[in-house]
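FYI, it's all coordinate maths here, none of it is from the lab. What you are looking at is a predicted structure, and each value in this text was computed from that prediction instead of being measured. Cβ coordinates were reconstructed from backbone atoms using ideal geometry, including for glycine residues, and neighbour counts include every protein chain displayed.
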Amino acid sequence: MTPARTGERPRDPHAPFHRAGLAALVLFPAADHLLDLRLVGDVVPVLLFAILAVGLNATVGLGGLLQLGYAAYFAAGAYAAGILTSVAYPFQLPLEVATAAAVGAGALLGALSALPVLRLKGDYLAIVTLGIGEIVPVTLRNLEPITKGEFGISPVDLPGPRAWEDWTNTTHGVLWYYLALALLGLVVYCQRRLERSRIGRAWEAFREDELAASACGVDTAAVRVQLLAYSGAVAGLAGAVSASYVPAILPSQYEFPISAMVLSLVVLGGLGNWRGAVWGAILLVSLDRILAPSLTRWAQSLVGSGSYSFFLEFSNYRFLLFGLALVLVMRWRPGGLFPPRAAQERVG
Amino acid sequence: MLELSGVEAGYGSVRVLKGVSLRVGPGEAVALIGANGAGKTTTLRVVHGLLEPSAGQVRFRGSTLAGVPTEARVALGMGHVPEGRQVFSRLTVRENLRLGAYTRRDAAGVREDLERVLEVFPRLRERLRQKGGTLSGGEQQMLAMGRALMGRPSLLLLDEPSMGLAPLVVEQIFRVIAEIHRAGTAVLLVEQNAYLALELCSRAYVLTTGSVVAEGAARDLLVREEIRAAYLGG
Amino acid sequence: MSGAEVLAQQLVNGLTLGSVIALVAIGYTMVYGIIGLINFAHGDLYMLGAFAALSLIGVSGLAPGDGAAATWGTLAWVLVLVMAFTGGLNVLIERWAYRPLRRAQPLAPLITAIGVSFILQNLGMLWGALPLEVMGTNAVAPKSFPDLIPRVDLLSRMGLATGVRVTTKDLFVMGLTVPLMLGLHLFVTRTRLGTAMRATSQNREAARMVGIPADRVIAVTFLIGGALAGAGALVRGLFFNTIVFNMGYGAGLQAFTAAVVGGIGSIPGAMLGGLLIGLISALSDHLISARWTPAVLFLILIAVLVFRPRGLLGDPTGQKA
């Protein structure tokens, strides 16, 4: 690939894909309505995971800091929003306030998480994030008076759809779809601004060579705080949205499998490339939530139920396929589906 | 015994060796000198098998070394004393030495050689039970050499043995190398300290930015103007 | 029970649990020591070992109450087969998933390990759904492991009037784990291959330069680590009498914490760490509550990494990247 002239950004060969994807996202509810697929409600998790993926990508891809406990920040946002709005608690504040609080909670937890790792790097840093990701759900589960422990926060009442059944109601589904899409757009906007800013460049320098970056005046301790707080805030935002989407907020929803899944989405989509993160979320979550159940229904219609019905349930192969995808991509295409531009130049 | 012809090698897109050819005959002591970054260590890494040449041939005792991994080259008769000593710091001196004979099956011969090595390096005998990492720089160099000798090599490859060592220690080391050579082992010596290298060896190659710019008898090189100016401080 | 007795009981429980954790921790520490990889999938390999053990016992038809000769005889070959299974599987995983990534960017092996962990966990789930009698009727529910080891309270048998219970089950656990750990220690320190393994962990290039076949040594490391995990799985199944497809995650984290606390890369460290974590778990279960124990363990892990990353017996140079 020929180097760009100074000031000119290299053309992204995948631009057409991305534009098509954007168009599809924006037009999907219309198509859904026309084709009467009634999938709009099911697709909101795709958008939520996309938000999470873009947030995690900032930390792992841009900053090079391996975060293995991302679900904890998601939980922080969900619980903050849930507690502030649910009728099970005395607060019952409006959605906007709760969302702001959720973002704040995620950011705060992120900043606190940075404290133990100020002087750590690489593997050890990753393990600490894993530990935090474990401690949070355990704490949530055990602090019953505050979090209602194992039983979670329910009902979750947020302005808008009041009950789970409303999701099949197309109008409400479409509203939430566009809300989630708008928030994804907001997060992407922030991401793009970051990448072009001094902070973003400091993050990249930190990722490439911490020692050299610090010699150039980058405060590497501050970078850790920034990275974890920023991705925490994004996860908190996703948490607030998800809080209204689920029937109950349970500690078990915010454990390692979620962290691992978001990490997988980011890696498979293209580490360091937010577009890749979004694509990863779209592809994998759609496969998991939409294709798999359809395949299962089809297989069951062929064979009927019986003692082998477990093996026909495609969602039971979810982690096998996920894992295989990770192993194969790392082996054959470590840059992911859409490697970031610099990697493209290197790989050529 | 060892023959490099037209070897090109590098790391990624950086080409370090641009067609190096050299020869070491049986029982010969040959030096490879040159400035920092000239490619001396890279050359040895190719001979060791740690780096694959992108072009050219490496032959040992007539057969090519292409496709022969590092660990197999020891059994063929090559002993390696790497740059920076690289002793196993948490293993004892004895364990280090015994590992040098890893590929050998003759237990009696190994015991003999261990004795011989300890005679050549009496300081190591005192420290047999000590961990390699606790030895001084000079002692570690002796340990690395002893370890390589435990494989009964017919060709000993030394990478910068004088590096980081006090002059007195260096003298000692070079005396030992000379002894080893006298006993019949061929030596390929890569050295920053050109003077010592040229004193010890019979032939030498001068490497500059990846190519051999001069070669010949060590005596002759010692007196040549350019060599003296560039590498021997005038 | 008096305070001292309670403490003594926790000691006993802790040591028993700890020795199983130690066996699994050794696998983590050996792999980290030799290739600098945190093998996320190790706990799930352990879980598969447990499923293999259960299946083999099911096939053998062994039941509680069968005579001593039949029980020990069957368990002996079950142990050998399980260890061969987990050891061999580990070697295959290294060969296909990790070895091709030796020169890749540092994140790749870790993510691959996560992927392998997913695969193994899913395999465990599917295994549990097989129409075998031992697997029960519910695919994902915990499986009951036959109670083959008699639980005889030794101290009261010996005539000691104490509330502390040390049973034949505890003895069985120690009887299997201690010789294995001892055997490993002797292997690693006294044999040629063991010394070669240590050398390869310390300096792979130098090891190759003395003729040590690094790739083969790494494969052997995985073989041994995997086999020990398999043994630990059989012991755990026989001791706790229950296994479940997602037990690998929790057990893996416990064992990994043990490895870090003891000093990652140090085999004696893993053994010591295992016992310590076992003790701490038992004490935490008793003094605080079993619900908080995972958090306690993780806090300890984080504290060790922040304040003494090399652990108790580890090398000061510690971290490999």
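If only the Cβ of Lys and Arg carry +1 and only the Cβ of Asp and Glu carry -1, the dipole of chain C around its Cα centre is close to 880 debye.
How shielded is C:119-127 by partner chains, expressed as the average number of their Cβ atoms within 10 Å of its Cβ atoms?
That works out to 4 on average.
Projecting the Cα atoms of B:GLN141, B:SER211, B:ALA31 onto the dipole axis of chain B, where Lys and Arg carry +1 and Asp and Glu carry -1 at the beta carbon, places B:GLN141 farthest toward the positive end.
From the alpha carbon centroid of segment C:20-67 to that of segment C:243-257 is 10 Å. Rounded to the nearest 0.05, the FRET efficiency derived from the C-beta distance between A:HIS18 and B:THR209 at R0 = 35 Å is 0.20. In terms of other Cβ atoms within 10 Å, C:PHE256, C:PHE239 run from fewest to most in the order C:PHE239, C:PHE256.
Normalised by 2.2 N^0.38 Å, with N the number of residues, the alpha-carbon radius of gyration of the protein assembly as shown equals 1.08. When only alpha carbons are used to place a centre, segment A:282-340 and segment C:156-228 end up 39 Å from one another.
Under a model in which nothing but the beta-carbon of Lys, Arg (+1) and Asp, Glu (-1) is charged, segment B:85-151 shows a dipole of about 260 debye around its Cα centre.
What share of the DSSP beta bridges in the protein assembly as shown is antiparallel, in percent to the nearest 5?
Working: 26 of 45 bridges.
Antiparallel: roughly 60 percent of the beta bridges in the protein assembly as shown.
Site pair C:ASN246 and A:LEU112 shows an inter-label distance of 2.5 nm when each label is modelled 7 Å from Cα along Cα→Cβ.
Using only Cα atoms, tell me the angle between helix B:137-149 and the longest principal axis of chain B; keep it within 0 to 90° and round to the nearest 10. So the inclination is approximately 90 degrees.
Here the calculated FRET efficiency for B:ARG219 and B:ALA72, from their Cβ-Cβ distance with R0 = 60 Å, stands at 0.95, rounded to the nearest 0.05.
For chain C, the relative contact order works out to 35 percent when only alpha carbon pairs closer than 8 Å and six or more residues apart are counted. A Förster distance of 30 Å, applied to the separation of the beta-carbon atoms of B:GLU52 and C:LEU92, puts the FRET efficiency at 0.65. All C-alpha pair distances within segment C:224-269, sorted into 5 Å bins from zero, spread as 5, 18, 23, 29, 16, 8, 1 percent across the bins.
Provide B:THR134, C:THR162, B:THR185 in ascending order of the number of other Cβ atoms located within 10 Å of each residue's Cβ, fewest first. Provide the component values of the computation, followed by the final result.
Details: B:THR134 13, C:THR162 16, B:THR185 21.
By the 10 Å Cβ count, ascending, the order reads B:THR134, C:THR162, B:THR185.
Each Cα pair under 8 Å and six or more residues apart adds its sequence gap; the mean of these over the residue count of segment A:36-255 is a relative contact order of 43 percent. Shown in residue order for segment A:14-24 are the 3J(HN,Hα) couplings computed by the Karplus curve 6.51 cos²θ - 1.76 cosθ + 1.60 at θ = phi - 60°: 8, 3, x, 4, 5, 5, 4, x, 4, 4, 4 Hz (x for Gly and Pro). Dividing the Cα radius of gyration of segment C:45-121 by its Kirkwood radius returns 1.18 for Rg/Rh. Considering only C:ALA84, C:ALA50, C:ALA231, the Gaussian network model of chain C with Cα springs below 10 Å gives its largest mean-square fluctuation to C:ALA84. With viscosity 1.002 mPa s and temperature 20 °C, the Kirkwood radius over alpha carbon pairs of segment C:127-248 converts through Stokes-Einstein to a diffusion coefficient of 120 µm²/s. Taking the number of Cβ atoms within 10 Å of each Cβ as an exposure proxy, the fewest-first ranking of C:ARG310, A:ARG19, B:ARG116 is A:ARG19, B:ARG116, C:ARG310. Taking chain B as the reference, fit the longest principal axis to its C-alpha atoms, fit the long axis of helix B:107-120 to the helix C-alpha atoms, and give the angle between the two in degrees, 0 to 90, nearest 10. That works out to roughly 70 degrees.
Under a point-charge model restricted to the Cβ atoms of Lys and Arg (+1) and Asp and Glu (-1), what is the dipole moment magnitude of chain B relative to its Cα centre, in debye to the nearest 20? Write out the running numbers ahead of the final one.
Details: 29 positive and 24 negative charges, 129 e Å.
Rounded to the nearest 20 debye, it is 620 debye.
Toward the positive end of the charge dipole of segment A:36-255, with +1 on the Cβ of Lys and Arg and -1 on the Cβ of Asp and Glu, the farthest Cα among A:LEU140, A:ALA81, A:ALA105 is that of A:ALA105. Extending 7 Å from the Cα toward the beta-carbon at both A:VAL303 and B:GLU112 defines two label points whose distance is 6.9 nm.
Looking at chain C from every direction and averaging, what is the projected area of its Cα convex hull in nm²? Spell out each step's value before the answer.
Working: hull surface 69.8 nm².
With the hull built on Cα positions only, its mean projection is 17.4 nm².
With respect to chain B, whose longest principal axis is taken over its alpha-carbon atoms, helix B:167-182 is tilted by about 90°.
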